[in-house]
Amino acid sequence: SFEMRVAGKPYCLSILTDATDLWALRERLEAETPAVAYVTLDNLDELAQYVRVSSREAATEAENVIKHWAQELDALMCEYERDKFLLVFEKQKLLTCIENRFDILEQVREIKLGDSSMPITVSMGISCIGNSMIEREHNARTALDMALQRGGDQVALRGENGLEFFGGRTKNIQKRTKVMARVIAGQLASLIARSGN
């Protein structure tokens, strides 16, 4: 707005700009921002120690459930290692998953190994923040490490507000991973360094 005087009388000149298209583009950009997810079947090795049946049939069934979920998300899915997947999909699909509290965890948990009551579980690390795909991929990998350190059977989501966790209701067999060992060793070294005695 501009104050002005014309023939001795005060006026206020207001200029309005139509920003509807700009806001629509911003919302579309936000909705279509890619999210990166690492997905892994996290307890097959542990279950194989306790159940004397092949885990491949159950793993294939769980993989099919994950593939179907990826199709619903219109996600790009790639198996980068046995029973480990990388997914890329739009942020608006991620918001739907958050509303559903990641019901994919429950769907995979319904798959039992052999005749036992032991369910197969899945862990995920997801990130939708970062200035580049490399940053998002790194954040997703870090989130997956956190999910596994917390016992698996959960989703760790790195968003604007830090890490959020979903799931984790299954009592898991305690895992000893290299990541967990490194974290515990780092904390132990830190405690020893600070100790006066």
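The values are calculated or read from the model by the stated rules, or taken from the named source; none is laboratory data. Model, not experiment: these values are computed from the prediction. All Cβ positions, even for glycine, are placed from backbone atoms using ideal geometry, and neighbour counts span all protein chains on display. These accessible areas exclude ligands, DNA and RNA; they are computed on the full protein's heavy atoms, side chains included. Shrake-Rupley method; radii C 1.70, N 1.55, O 1.52, S 1.80 Å.
See the values below:
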{"read-out": "In segment 53-91, the residues that are in a strand (DSSP E or B) and of a type in the set (Val, Ile, Thr)", "value": "88"}
{"read-out": "Which numbered condition residue 27 fails, given (1) open to solvent by less than 50 Å² (accessible area, probe 1.4 Å); (2) closer than 26 Å to residue 139 by Cα", "value": "(1)"}
{"read-out": "Extreme residue, farthest from residue 31 (Cα to Cα), among residues of segment 116-136 that are open to solvent by 50 Å² or more (accessible area, probe 1.4 Å) and in contact (Cβ under 8 Å) with a residue 12 or more places away in the chain", "value": "118"}
{"read-out": "Criterion: more than 20 Å from residue 157 (Cα to Cα) and modelled with pLDDT of 90 or more - qualifying residue of 20, 33", "value": "20"}
{"read-out": "Flag for residue 71 being of a type in the set (S, T, N, Q), in contact (Cβ under 8 Å) with a residue 40 or more places away in the chain and open to solvent by 60 Å² or more (accessible area, probe 1.4 Å)", "value": "no"}
{"read-out": "Number of positions in segment 30-51 that are open to solvent by less than 30 Å² (accessible area, probe 1.4 Å) and under 26 Å from residue 138 (Cβ atoms)", "value": "12"}
{"read-out": "Condition check for residue 95: free of Cβ contacts under 8 Å to residues at least 12 places away in the same chain and either on the phi < 0 side of the Ramachandran plot or buried (at least 20 other Cβ atoms within 10 Å of the Cβ) (or both)", "value": "yes"}
{"read-out": "Sole residue being acidic (Asp, Glu), under 21 Å from the mean Cα position of the chain (by Cα) and at pLDDT 95 or above, chosen from 110, 90, 106", "value": "90"}
{"read-out": "Scope segment 92-128; condition within 15 Å of residue 144 (Cβ to Cβ), in contact with a strand residue (DSSP E or B) (Cβ under 7 Å, 6 or more places away or on another chain) and not in a helix (DSSP H, G or I); matching residues", "value": "102, 122, 123, 124, 125, 126, 127, 128"}
{"read-out": "Residue, farthest from the chain's Cα centre (by Cα), within segment 142-197, restricted to residues that are modelled with pLDDT under 80 and open to solvent by 100 Å² or more (accessible area, probe 1.4 Å)", "value": "187"}
